[in-house]
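Bear in mind these aren't lab numbers, they're just calculated from the coordinates by the rules spelled out. Remember, predicted model here, so these are calculated numbers, not experimental data. Please note: Cβ atoms are built from the backbone with ideal geometry, for glycine as well, and neighbour counts cover all protein chains shown.
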Amino acid sequence: VLSRDMARTVTAAIILIGDELLSGRTQDSNLKTIAEFLNPLGVEIREARVIADNHETIVATVQHLRRAHDYVFTTGGIGPTHDDITADAVAAAFGRTIDVRPDALAVLSSYYAERGTEMNESRLRMARIPAGAELLANPVSGAPGFRLGNVFVLAGVPSIMRGMLEDVGHRIEGGAVVHQHTVRAKGVREGDIAVPLGALAKARPEVNFGSYPWMKLGKSGTDFGVNLVARCRDPDLIAAAVDAMAEILRAQGAKPEIDPKN
C-alpha cells in the first residue's frame, strides 16, 4: 500500500460490465471479492452498478463515478471478442486514444510464445491499451488489465480478476479501515429486537448498525434467526457495540454467536 491516512475516508465504486450479468446467465462474484480486498486497505465501497456492454453507457458511467469516488473498478469486457469494448470506452471517458501498445504486446507475445500458441488478430485486441495507462499484471492468463487515472480496469472472469488484484494493492492510497463484526442468534425474529436495536443505533451514531434475518427449511422444520452487524472505524466503539448487540439478543433468551463461521 502506498500510504494510509487513518482519519480519511476513501471511497470506491465498482462497475460490473456484461450483458450476461443482466440476463442472469452469469452470477457475479467479483463485487464480493473486490470489497473484501479493499476493506483492509481502508477503501470503502460506496456504490456498485451492473451495466450492459454498451459503449455510451460505459463511458457515461465511468465519467460519473470517477468524479464521485476516489477509485473506480471495472470488471469485464477486456477479452478478445467483438463485444469486449471496455478498454475503448474507458479511453473515450478520459478523452484518450487507444491502440496496440508495445509494452502490452510484448507481455502477450511472450505469454503465447511460451505456450506455443499463435498470436492471432483476436488476441491482438487484448494489447490495445489507452494512451498513458499503467499496465496491471495478469498472472493467470497473460492479457494485462490497466489503470487510467483513478480507474482500474480488470477482467470479468473471477479467477483472472483475483490475479490482477495482486498488482493493485500497492497502487492504492487508503484511509481508515472500517471494522465490522456480526452477532448471530437462532430463534430470534427482527420484530422482537427492532425497538432496542433502534435505541442502540440512536445512542451510538458513530456506529452503523444493520439487521439481517435468515431462514432455512430443514427436515426437522424451519430454522430461523437474525444477524446483527456493526460497522465502525473506531475499534473501541465497535467492541462496545458488539457487547450491546449480544445483550439485546440475550434478553430474548438467545445464545449470541460472535462472528460465526457460517
Most fluctuating residue given options A143, A113, A93, as computed from a GNM of the chain linking Cα atoms under 10 Å:
A113
With an 8 Å Cα cut-off and a minimum separation of 6 or more residues, compute the relative contact order for region 57-178 in percent.
28
Could you identify which residue out of D223, D192, D99 has the top mean-square fluctuation in a GNM of the chain using Cα springs shorter than 10 Å?
D223
Relative contact order (percent) for region 202-262, with alpha-carbon contacts under 8 angstrom and 6 or more residues of separation?
25
Using R₀ = 30 Å, calculate the FRET efficiency as 1/(1 + (r/R₀)^6) where r is the Cβ-Cβ separation of E166 and E118; round to 0.05.
0.60
Roughly how big is the chain's charge dipole about its Cα centre, with Cβ charges of +1 (Lys, Arg) and -1 (Asp, Glu), in debye to the nearest 20?
620
With unit charges on the beta carbon (Lys/Arg positive, Asp/Glu negative), name the residue among V151, P205, G218 whose Cα is farthest towards the positive pole of the charge dipole of the chain.
G218
Applying the gyration tensor rule to the Cα atoms of region 157-213 (axes a ≥ b ≥ c; rounded if a/c under 1.5, else prolate if a/b exceeds b/c, else oblate), the class is oblate
Distance violations [Cα-Cα > 19 Å] among K202/K255; K219/K261; K216/K261:
K202/K255; K219/K261
Correct option for Rg and Dmax of the Cα atoms in Å [calculated from the coordinates] among (i) 22.3, 67; (ii) 23.0, 73; (iii) 19.8, 67:
(i)
Can you find, among V242, G187, Y111, the residue sitting farthest towards the positive end of the charge dipole of the chain, where Lys and Arg contribute +1 and Asp and Glu -1 at Cβ?
G187
In region 8-140, taking the dipole from +1 charges on Lys and Arg beta carbons and -1 charges on Asp and Glu beta carbons about the Cα centre, the listed residue (V140, S122, P80) farthest towards the positive end is V140
Sequence-separation-based contact order of the chain, relative, with Cα cut under 8 Å and 6+ spacing, percent:
19
In nm, to one decimal, how far is the modelled label at L22 from the one at K216, with both set 7 Å along Cα→Cβ?
3.6
Checking L217, L200, L105 against a Gaussian network model of the chain (alpha-carbon springs below 10 Å), the top fluctuating residue turns out to be L217
Let me know the shape class of region 1-129, please: from the alpha-carbon gyration tensor, a ≥ b ≥ c as square roots of the eigenvalues, rounded when a/c is under 1.5, otherwise prolate if a/b is greater than b/c, or oblate.
prolate
Loop only per DSSP, at most 11 neighbouring Cβ atoms within 10 Å: give me the trypsin sites (Lys or Arg not before Pro) in region 1-83, ordered by residue number.
R25
What does the helix-only formula give at 222 nm for the chain: each DSSP H stretch with n ≥ 4 adding -39500 (n - 2.57), the total divided by the residues, and the result rounded to the nearest 500 deg cm²/dmol?
-10000 deg cm²/dmol
